[in-house]
Structure formats: C-alpha cells, structure tokens
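What follows is one structure encoded as structure tokens, with my remarks underneath.
The values are calculated or read from the model by the stated rules, or taken from the named source; none is laboratory data. Everything numeric in this text was worked out from a predicted model, so none of it was measured. Because the Cβ atoms are built from the backbone with ideal geometry, glycine has one as well, and the counts that use them run over all protein chains shown. With ligands, DNA and RNA removed, areas are computed over all heavy atoms of the protein, side chains included. Shrake-Rupley method; radii C 1.70, N 1.55, O 1.52, S 1.80 Å.
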Amino acid sequence: MKTYYYLLLIILFSISQESFSQGLKFRSSKEQPIDKRTSYNVFGDKSVMFSGYYNIEFDLSLYQATPIGYILRIKNQKNDKIYNLFYDGQGDNIQFKFNEEGKSSLITAKINKAELINLPWFKTIISFDLVNNSIKLTIHNRTFVANNAGLPEKYYPIIIFGKSDYLIDVPSFAIQNVSVGNNDKKYTFVLKENRGNIVHDSNGRETGDVINPEWLINDSYQWKFKTLFKSKTVAGANYNPEKKEIYYFNKDSIYIYNVRSGEIKTEVFKKNCPVMLTLGTNFIDPKLHKLYAYEVYFDESSKYKGPSVASLNLDTYQWTTESSDKLPTQLHHHGSYFDTDNHRYILFGGFGNMHYNKIFYTFDTESKAWDTLRVKGDATIHPRYFVSMGYQKKNNSLYVFGGMGNKSGEQVVGRKYFYDLYKVDLNTKNVTKLWKIEWNNENVVPVRGMVIQDSCFYTLCYPEHYSNSFLRLYRFSLKDGSYKILGDSIPIHSDKITTNANLYFDNQLNTLFATVQEFDDDIRSVLKVYSLSFPPITAEELSGYLPVKTTNIYRWLAVLSSLILIAIIFIWRQSRRRNRNQESEEITTEPVTIKKQHITDIPNSIYLFGEFTVYNRQKRDISYMFSSKIKQVFLLILQYSKEEGITSQKLSHLLWPDISEAKVKNSRGVTINNLRKILKELDGIELIYDKGLYKIELSGNCYCDYERCLHIISSNLTEKNKEELLQILYRGKFLQSYDLSLFDQFKGTLEQELEPLLVTEMKKGYNNNDYPSTLSFAEAMLIIDPINDEALAYQVKSLQKMKQNYEAQRHYLDFVNHYKKTMGVDYPHSFNDLRI
C-alpha cells in the first residue's frame, strides 16, 4: 500500500511541481560574510566532456541588494584557462562582462536597466562553438559575440555559480532551469529542491552540490516578513505596483518601502493631511500618481466640519483637498476597487451605526462626489462587512466574496458568515450569484483585497473572533468555489475593529504582498509587511519533492549519515559533560551563575515546559496556530496517549460539558480537523483514530520535551542525560500557562515522577561535594515548586559551602518574599535554622 502511495506522490509531484517558483537564490557579499555566501558546482565531482559545441543556459533573476559581482565561473579540467561572467547593475545601464580570467574582457554587454529590472526571470545563454572558435553571450533577447577565442576541440567544463575560490564578490541573484550540453547530450537542472546541499538533475540523479543554498520554492510557501512601521496617530497603508512601493501614512508624514530594493524612506509633509483620519482608508490612482485618503463618515460628536477626501501627490508629497462629500453611515471593513478607466472608486459592504451595508457606492475623482452604483439582476447580495472584492479585466466585472452580516442588515438580529461569490458586470450592472459553498471548518472572514488569476481568485482569511489568530491564503475556483489553503500563516492580533489586513499582487515581480495593520487603541497602529512568491504552494507540495530515481543505496547512505551524525552529537555531549564535571570539582570564590540553556528552535519540535511552543519542519514558530480549544484537544489526546488513547465521548465530556453529543459533534470534528492540518506542518507526528480512540503517535523525527523527559526518568538515564534534563526543566513549569483543573492530573502525575528524582540528585550532588550540580537540581525543583523547603535548604547550604554567603542570603530572601505572597503568612524558618 505504501509503495503505491509513494508512486502516486512522485507522479503527481512530477506533473505539478514544474509550475512552482523553484530556483536557487545566492547569498551575496552585502548580505552575508564570505563563508556564508552561496556556491553552486553544477557537476560536483562528475567529469563531463563536450565536442563540437556546448551551451550553458539558465534563467536569471537580479536583486538590488548587491548589484555587482561574479555570476559564474567556467574552468576546464584539461587546461588552466578560466572564464567568468561579471555583472554590474550600478547606474542607468546593466553591464555584463564575459572575461578570460586574469587576461581580458572578451564581451561587454550593456543593456538599459529598464529592459530587465521588472522581469522576474530572463534567459541567459553562454555558447561555446569549439569548431568555429567563438563564444556567444545572450542576455534576454540580445546576443554578443567574441571571435578567435582560442577554444580547444574538446571541453571538460567545471561550472561554478556564485563564490568560487578567491572570487568572493557575489551579487544578489537567482537561477533556475539550468541546462548544459548540445544535441548529443544535455544535462538539465530545474533546481526545485526545498532543502539540503545536493542538486538533482531532471532525471532525479544526484549530480551537483551547493554550499549555503537558499531554495526559492520555500518562498512560495513561507510568508517572508519584510519590514515593520509604527504610528502614534491614525494611519493608512497601500501598495503602488507602478513604483513598487508600500505606503504607510498618517496626518504628518509617510513611510515609503520599496519592495524591490528594500529601501525605506520617510517624507514629512509640509502641510498636514487636510482630512481628519479616523480609519485611514485610502486608494491609489496609478495613472495620476496620487493617493486618495478618505473618510466616508464622521460621528456628530466629533464636531468635525472639514473635508472628507484629499489626494497626495506621490511625486511631490503635497496634499490637495478634493471633497467634503460624505456617506450617511460609517463603513468598517468594506470591499473596494478603483476603476482607472472611469476614474471612480467603488466600494461595497461595511458596518456602522448598528447596520450592515448592501449598497454599492462610487466616488468620482473628477466630479469629486459620492454616488450610488445602481445594480440589477435576480441575485441579491445580503448586507455584510469583512467583504473581499476584486476585478477581472477580460469581462470588466467585479467579484464580491464572503463576509458576515444578515438579510435584514440590522446588527441586533445577529450575524452569519457568508461563503458565496457574486459577479457584478460593470457594462450591464447585472449581478449574478456564481456559487455558495458549505463551510464545515472554523468560521473565517476574508480581507479586503482579492487577486484574480485566470479561473480562480486568492484572498487571505482569518477567524476574526479571536484576539490572536492567523491569516491563511485561500485559492477559490471562480466556477464552483472549490478551494485550497496555500502557504504557511501570518499572525494577526485583532482585538480592535480598526485592525485590518490586505493582499496585493505584483505581476511583474511575480509576488504577493500582505500588509497587516494592528491597532491597540483605534489610534496607534503597527504595520507589518510580508511577501510570498507566486504561484503559492501547499504544505504537501512543499514537502512532496522526491528525486525520481532515488535508489536503495541513497536511502542507506541517508541512514548511515544520520547514524554518524547521532554518534558525533553523542561524543560531543559526552565531552561537554566530562568538562563540566571537571569544572564542578573545583570550589570557587567567584559569584556562581547557573548556566541555563534551552533546547529551542529545533525543527519539528514541541515544548510543553514553560510557554507552549511548536516549531514546524522549517524551524518556524507556529504556536499561534493553536487556538485555545485546539491546544486543549492536543494536550488531552497527548496525555491519554500514554494509555490506549481517549474516546470521542470522553473528549467531548471534558471539553464541552453539559452539551449533548449531537450538538458537540460538529465542534469536535472541526477542532480535530484543524489540529490534523496544523500537525501536517511537522514531520514525525500523527493524530491517529483507531478502534474508537484518538492517539498522538511520535517518531524520532519529532522532538517533544515532555516525551523526552519521561523517557529519561523511566529509563534511569538521569546521569547520562543530566544536562539535557536540566535544559528541559529550565524552560519553566510544565504547562505553566494552564491553570485549568482539566490538566491538574496531567501536571500532577509528571511532577510526582520528577520531584523524587530531583531530591535524589540534590542529595547525591551534596554528599559528593558536587555543589554546582546540587544548585542546578535545586533550581529545577524551585521552578516546579517555588516554595519547596528542601530545595531552598540545599541551595543555601551549597552556596555557603562555596563561600558564597551573600548569594545564599539573597536566594533566601527571594524565597521568603515569594512564600509570603503565595501563602499569606511569614516563612517559619530563619536563615540560620535551615537544615539538610
């Protein structure tokens, strides 16, 4: 059965993977020190030979972080002649120089920067004509030639991209779809790996190797945090695809972040924005290079009588008052689109004055007035807010998706979540309902921005009813509403109604951008910017790449490598332990500091001691994905996994008491499904349902500090794993953020197993004059039980033995203060009364 599964996985992946944004990005001179820069040897140790001619072809992408350095180097195994391709992107022109290393430049290709700067990829070819003794360099669609190159009849190329020997100046660039060869034989490298240093050819064979790689396919799954801005007054944000700039403005200034170069600048307005900003809503007219700030409504209590719309010239950064026209109500979280051809801004939906909106409003930038867009058709879009809107040019239509509201529009009636899509034909003004889908997952709302591509659309969705949740990227079919969740998640804190997020797509950069604006008091806000390469992929697609011709020997080599790595780690730990024991034999008069190291930031890891923390296979902290209920379900199943598991009935009784099984079934199912999806972010852990019981199964690929702690205790491995056990305990109390009686037994059982062991280790250390070890275990005991008398006594007496009387008194006073706060009475034993 597993064989068929893997075969199916390989077939599906080989079909779908080609469309992903794969490739290899090189860490450059400005970004990294020398030993961290990228070097890619195309053939590795393999020797190849060409006669007649051969071509080196690859797609090239240029970044602005480091616009100068060597792209690649070509050696010949049979002689000392070396060629290199040098790139200089400084100034108005981009210059490529193909050099005979240490001798002369054979080709100089100057190309206007505007030709290439907005191309995500362009074809680059280096052709060696061994018969006619010439070299051709093709950049995009332009070819340059060097004759009389002195080429041999046969060529044995060694091709190295990026850092090579003493050529350490690496520019910021990426490559994909590399091929080397001629009509007789050709080697092709798609570069679709997502991890590791081994490169596979198109047949799945391990052929080349790379040092310090940055695999681009990960950028299609992992949202990259780009930058952050803060404002103490109400602010708005937007993206300008013409200038590749994200704007974050308030009444007196604007931050400008160039997504292509990474440059950030601030412009202070000569005159403040004439509109009193309350929500910071805005739109951009890319043709006129203007940003329009607007407020649809001002509460009467504000007594504000000024303008409602003003435009900011994005070349001069000067404000102009446009209009004082307003709408009859506030419209939080409305959907919107700017119609450049008809110079009008269209919005729909929104919430204000206890009502949800169902009217399409338009603001004409020429007449400078608000109006309504009168639509018709059999379909009626019910009043709602948290609406997502997008535009498709080929049919001149708006699309309206999702949100929440109700048929009457009155808030007091209550609200429901919508998972439907409508098309508004701007030629005929006709509204058509395209679909409505059943939603069996946790309720979510979309963000304002919608990106339409061919037969589907993308938007970010999140459960707005939690203070802390996460945004996920959804791709919906325009035809039937079928959908996929793509990429990882973006955290969002959404306590305030003014908090918002948006999605933008730049088709020249082939990149999605997300902005998350979080308000803490409806005035001050923080803007966070993220990016994701397009097209985005699922977690299964990211982890699903398997070389097509991986053989048993490769698998055995992988196993052997793992065993060697384990042996190295074991020897290193033993060495550190011996060194630590030697140091502990010496009594010092210097102040003692207990070294607390935490085992953190390990891929595929779960930490239950201290703060609940989970890292996925990419070492990203995904703890925020666990809502309170999901976390409770996970912990309960993990607790009962030590037995046979937990039944759905018991799980429901513990988490949803006093609710009938029929009513709780859906909630339980949704929570379990969401937990399964989250656990797919990790390797080596699985939620099993077998014979009516839920159970968590862990393999060696997934680290859990709770499981590891139990293993050390139950296997009597404390002496061998003393340092690791202490590192686990130093993170904090087990389930320290959970005071629910639900987990009292879980915590109590573990502490009952831990406390006797810690007491034994304290006594053993003290009796053997190993006072540093005694202090370490006393500290661990006080983390578990902060008012443990025995631990205090061992701590104080050990410090006194080490002639650290001041430290002993300080720890005693800290303990006494904490005891009184906890127990409400004075600690009954004086410093001098402490006995072991």
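For the chain, what is the accessible area per residue in Å² when the probe is 1.4 Å?
Numbers: 39270 Å² over 836 residues.
Per-residue accessible area for the chain comes out at 47 Å².
Stretch Thr316-Lys429 to full length: gain in nm at 0.36 nm per residue minus the Cα-Cα span? Could the numbers behind the result be given before it?
On the way: separation 113, 0.36 × 113 = 40.68 nm, distance 3.74 nm.
Net length gain for the segment: 36.9 nm.
If we sort 444-453, 689-698, 515-524 on the protection proxy, mean other Cβ atoms within 10 Å, highest first, what's the order?
Going by the mean number of other Cβ atoms within 10 Å, highest first, we get 444-453, 515-524, 689-698.
How many nm separate the modelled label positions at Asp184 and Ile787, each set 7 Å beyond the Cα in the direction of the Cβ?
8.7
Separation between the Glu300 and Lys103 pseudo-spin-labels, each 7 Å from Cα along Cα→Cβ, expressed in nm?
About 8.8 nm, to one decimal.
Could you tell me the relative contact order of the chain? Use alpha-carbon pairs under 8 Å, at least six residues apart, and round to a whole percent.
Values: 1745 pairs, mean separation 68.1, N = 836.
So the answer I get is 8 percent.
Just checking my list (1) 48, 32, 28; (2) 50, 35, 23; (3) 49, 44, 28 against semi-axes √(5λ) of the Cα gyration tensor in Å computed from this structure; which label fits?
(3)
Quick check on the chain: helices-only [θ] at 222 nm, where DSSP H runs of length 4 and up contribute -39,500 (n - 2.57) each and the sum goes over total residues. Nearest 500, please. Each step should come with its number before you reach the end.
On the way: 13 runs with 186 residues, N = 836.
Taken over the chain, the calculation gives -7000 deg cm²/dmol.
Name the residues whose placed amide hydrogens come within less than 5 Å of the amide hydrogen of Lys226, ignoring near sequence neighbours (fewer than 5 apart) on the same chain.
Long-range HN contacts for Lys226: Val529, Tyr530, Ser531.
Using the Karplus curve 6.51 cos²θ - 1.76 cosθ + 1.60 with θ = phi - 60°, work out ³J(HN,Hα) for each residue of region 719-735 in order, rounded to whole Hz, and write x for Gly and Pro.
Coupling constants for region 719-735: 4, 6, 10, 4, 5, 5, 4, 5, 4, 5, 5, 5, 5, x, 5, 5, 6 Hz.
For Lys358 and Asp341 in one chain, what is 0.36 nm times their gap in residues minus the Cα-Cα distance, to one decimal in nm? Please report the intermediate quantities before stating the final value.
Numbers: separation 17, 0.36 × 17 = 6.12 nm, distance 2.44 nm.
Extra length available between Lys358 and Asp341 comes to 3.7 nm.
Roughly how many nanometres apart are two label points built 7 Å out from the Cα toward the Cβ at Lys496 and Asp683?
Label at Lys496, label at Asp683, 4.3 nm between them.
Mean projection of the alpha-carbon convex hull of region 706-836 over all orientations, in nm²? All intermediate terms of the calculation are to be shown ahead of the outcome.
Values: hull surface 33.6 nm².
The directionally averaged projection comes out at 8.4 nm².
What does the extension gain come out to for Glu263 and Lys691, with contour length at 0.36 nm per residue minus their alpha carbon separation? Walk me through the intermediate numbers first.
Working: separation 428, 0.36 × 428 = 154.08 nm, distance 5.82 nm.
Full-extension gain reported as 148.3 nm.
Work out from phi, with θ = phi - 60° and the Karplus expression 6.51 cos²θ - 1.76 cosθ + 1.60, the ³J(HN,Hα) of each residue of region 738-750, listed in order in whole Hz, and give x for Gly and Pro.
Result, rounded to whole Hz: 10, 9, 5, 4, 3, 10, 4, 5, 4, 5, x, 4, 5.
Round to a whole number: what % of the accessible area of the chain belongs to carbon and sulfur, probe 1.4 Å? Provide the component values of the computation, followed by the final result.
Details: 19000 of 39270 Å².
The C+S portion of the solvent-accessible surface of the chain is 48 percent.
Which cross-chain or sequence-distant (5 or more) residues have an amide H under 5 Å from the amide H of Ser253, H modelled 1.01 Å from N in plane?
Phe269
Quick one: Karplus J couplings for region 650-667, per residue in order, coefficients 6.51, -1.76, 1.60, θ = phi - 60°, nearest Hz, x for Gly and Pro?
In residue order, the calculated couplings are 5, 4, 5, 4, 6, 9, 10, x, 6, 10, 5, 4, 4, 6, 7, 4, 5, 4 Hz.
Take the Cβ-Cβ distance between Ser202 and Asp35 as r, set R0 to 30 Å, and report the resulting FRET efficiency rounded to the nearest 0.05.
Numbers: r = 31 Å, r/R0 = 1.03.
Working from the Cβ atoms, E equals 0.45.
Taking amide H atoms as placed 1.01 Å from N in the peptide plane, list the residues 5 or more away in sequence, or in a different chain, whose amide H sits under 5 Å from that of Leu72.
Sorted by chain and number, the residues that satisfy this are Leu85, Gly162.
Take Leu710, project a point 7 Å from its Cα along the Cβ direction, then tell me which residues of region 628-669 have their backbone nitrogen under 19 Å from it.
Residues passing the 19 Å test: 631-648, 650-651.
Mind checking region 316-376 for trypsin sites (Lys or Arg not before Pro) that DSSP puts in a loop (not H, G, I, E or B) and that have at most 10 other Cβ atoms within 10 Å?
Working: sites: Lys326, Arg344, Lys358, Lys368, Arg374, Lys376; in loops: Lys326, Lys358, Lys368, Arg374.
In loop regions of region 316-376 (DSSP not H, G, I, E or B), the sparsely surrounded trypsin sites (Lys or Arg not before Pro) are Arg374.
Report the FRET efficiency, 1/(1 + (r/R0)^6), for Tyr624 and Asn441, where r is their Cβ-Cβ distance and R0 is 22 Å, rounded to 0.05. Walk me through the intermediate numbers first.
Numbers: r = 17 Å, r/R0 = 0.79.
E between Tyr624 and Asn441, to the nearest 0.05, is 0.80.
If you take the beta carbon distance between Asp378 and Asn147 as r and set R0 to 51 Å, what does 1/(1 + (r/R0)^6) give as a FRET efficiency, to the nearest 0.05?
0.10
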